[in-house]
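Before any comments, here is the structure.
The values are calculated or read from the model by the stated rules, or taken from the named source; none is laboratory data. Note that the structure is a prediction, hence the values are computed from the model and not measured. Here the Cβ positions follow ideal geometry from the backbone for every residue, glycine too, while neighbour counts run over all protein chains shown. These accessible areas exclude ligands, DNA and RNA; they are computed on the full protein's heavy atoms, side chains included. Shrake-Rupley method; radii C 1.70, N 1.55, O 1.52, S 1.80 Å.
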Amino acid sequence: MSYNNKRKNFIITNSIIVVFVLLLSLFINFYLMSLLGFNQDTFFVITLSVMIFGLVLYLFLSRSIFEPLFKSDENLQKTVKETLHELNIPISTIKLNTQMLEKKLTDEKAVKRLNRIKLASNELLKLYEDMEYHIKKEIDRVDITNFSLVEVIEHSLEKFEDLKKDTKIEVFVEDVTLNSDQNGFQKMIDNLISNALKYNNEKDGLIKIEYKNKNLTIFNKGKEIDTKNLFVIFDKFFQEDNTKEGFGLGLYMVKEFCDKNKIAIKIEPTKEGNRFILNFKNIIKE
């Protein structure tokens, strides 16, 4: 059964149960009021009793009807997690063997072929990690761990080494330990740096990453963000410059992560460029 059909069936079935319980409760309430007579005391006692009865009846009926639906979702989640676990084994095997062959091969063509296999296996591993993270996020079982801010930023900058071209990147970050969802945090930093590169000046491009007083600032040279867009820049699918590639999801995902993990984020447009400021006071590991 598809997600849309499940959702449709859930809404229809739930509506039928609610209407049935409501009508039955109203009928019982009317019958008891007619039988016992209407006054202020009896009205309160009868109405409260009927409401409790209706709630208990609704819970009883909905449990028996929706339990198979929820069980189906649980089985699906279990199957997906087990499949992901099984996928991790061959991917790790490919990666390990390519590393071993890399040390022994000398033929130039063979080395190039091996590098292509290595790149493909790395892409598979990245897809695996992304899928695993999204599943954990959906079922609200994301791992909260301690990690280094410096290591996250360095890992992110490595990804964009080939894309930065002539853009100068300056980093002034002291090592600090954070306690949060590391995978989500890494994606947030990746999106901010990607955004800084995308909207940087084509000539004399500059990104400056600084950490001070529990705030991480990512500055990029470029066109100043229009103040009227500051209220919608984090909206889904919003793009200030439609000529740039992308779907307008990067900053939306950044804001979503920040809100969920109690990280305050703000933007300071300047004539030279724009600053994105993140406050980590709620996730710093003391």
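Name the one entry in 137, 165, 126, 223 that is out of contact with any helix residue (DSSP H, G or I) (no Cβ under 6 Å at 6 or more places or on another chain), modelled with pLDDT of 80 or more and open to solvent by 50 Å² or more (accessible area, probe 1.4 Å).
Unique residue meeting the criteria: 223.
Would you check if residue 197 is assigned to a helix (DSSP H, G or I) and in contact with a Lys or Arg (Cβ under 7 Å, 6 or more places away or on another chain)?
Judged against the criteria, residue 197 is a match.
Per-residue answers, yes or no, for (1) at pLDDT 70 or above; (2) surrounded by 15 or more Cβ atoms within 10 Å (Cβ to Cβ):
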residue: 27; (1), (2): yes, no
residue: 32; (1), (2): yes, yes
residue: 37; (1), (2): no, no
residue: 49; (1), (2): yes, no
residue: 52; (1), (2): yes, no
residue: 56; (1), (2): yes, no
residue: 59; (1), (2): yes, no
residue: 64; (1), (2): no, no
residue: 68; (1), (2): no, no
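Quick one: would you say residue 146 is at pLDDT 90 or above, in a strand (DSSP E or B) and open to solvent by 60 Å² or more (accessible area, probe 1.4 Å)?
So residue 146 fits the description; yes.
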